[in-house]
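Notes follow the structure.
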Amino acid sequence: WDYNEYSIIPDFIFKNYFYIFSGCFDLTNDLCVTFKTYLSTFYFCFITWIFTLLIGFTIAYFLAFHVKSLELQISLFLICTIPFWTSNVIRMVSWIPLLGRNGLFNNILLYLGIINEPQDWFLYSSFSVVLAFIHLYTLFMIVPIFNSMLRIDKSIIEAAYDSGANGFQILTNIIIPLCKPVIVIGTIFVI
């Protein structure tokens, strides 16, 4: 796309790419804005992916193997979906009363004497960005993993117990290998 003072014009040009990457290959300076943006994007993706995988796998494992009643499994799973009944904007704004300067988290820490003055970094930092992404995308990891865990034949797990395997061995040798494809699917959804 090319542009002038008042419009954007469809055109095959390289001027925009030269502008975006100008100064990026000068090794004497710091990273350019473009590469810093790419690096921060990869950082946020990786941190979000790790936490959504850990939280999603743990919740799916609990629902699939520790909750015995199907009705309770469905109820708890529906509770996990409640945040998705509202828009993304409302979910993001809902963090302000919790993490804001006069929010619940700051007030609790002030009351306990852990901090002397309200902290802005709870809401305006990488921490809050990662927290918001985890809040947005964890369900996309829970759903496929939970679905896959429900389909694991319980007789395989029982046979492993009968053969002397402990819970950790069953997790690492049976459950995780059987869930690898859906972990990849959840990863695609989250990333």
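The values are calculated or read from the model by the stated rules, or taken from the named source; none is laboratory data. The model shown is predicted, which means the values in this text are computed figures rather than measured ones. Because the Cβ atoms are built from the backbone with ideal geometry, glycine has one as well, and the counts that use them run over all protein chains shown. Heavy atoms of the whole protein, side chains included, go into the accessibility calculation; ligands, DNA and RNA do not. Shrake-Rupley method; radii C 1.70, N 1.55, O 1.52, S 1.80 Å.
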Test Asn107 against the stated conditions and say whether it is open to solvent by 70 Å² or more (accessible area, probe 1.4 Å), at pLDDT 90 or above and under 30 Å from Cys179 (Cα atoms).
no
Output the residue which, of all residues in region 122-134 that are touching a residue at least 24 places away in the same chain (Cβ under 8 Å) and open to solvent by 50 Å² or more (accessible area, probe 1.4 Å), is farthest from Ser40 (Cα to Cα).
Phe133
So how many residues does region 2-36 have that are under 28 Å from Val130 (Cβ atoms), open to solvent by less than 70 Å² (accessible area, probe 1.4 Å) and either charged (D, E, K, R) or free of Cβ contacts under 8 Å to residues at least 12 places away in the same chain (or both)?
3
Per-region count, region 56-94, residues β-branched (Val, Ile, Thr), free of Cβ contacts under 8 Å to residues at least 40 places away in the same chain and assigned to a helix (DSSP H, G or I)
7
Select from region 83-98 the residues that are open to solvent by 80 Å² or more (accessible area, probe 1.4 Å) and closer than 30 Å to Leu150 by Cα and list them in ascending order.
Trp85, Asn88
May I ask you to list the residues in region 144-185 that are small (Gly, Ala, Ser), under 20 Å from Gln73 (Cβ atoms) and either outside any helix (DSSP H, G or I) or in contact (Cβ under 8 Å) with a residue 24 or more places away in the chain (or both)?
Ser148
Unique residue being out of contact with any Leu (no Cβ under 6 Å at 6 or more places or on another chain) and at pLDDT 90 or above when the list is Leu131, Leu31
Leu131
Pro144: at pLDDT 90 or above and touching a Gly at 6+ places or on another chain (Cβ under 6 Å), yes or no?
yes
Regarding region 142-151, can at least one residue be identified that is under 19 Å from Ser40 (Cα atoms) and within 13 Å of the chain's Cα centre (by Cα)?
no
Among (1) under 23 Å from Phe51 (Cβ atoms); (2) open to solvent by 70 Å² or more (accessible area, probe 1.4 Å); (3) modelled with pLDDT of 90 or more, there is one condition Leu112 misses while meeting the rest; what is its number?
(1)
Restricting to region 95-128, count the residues that are in a helix (DSSP H, G or I) and out of contact with any Leu (no Cβ under 9 Å at 6 or more places or on another chain).
7
Would you confirm, using the coordinates I've provided, whether Tyr43 is surrounded by 12 or more Cβ atoms within 10 Å (Cβ to Cβ), under 17 Å from the mean Cα position of the chain (by Cα) and at pLDDT 90 or above?
yes
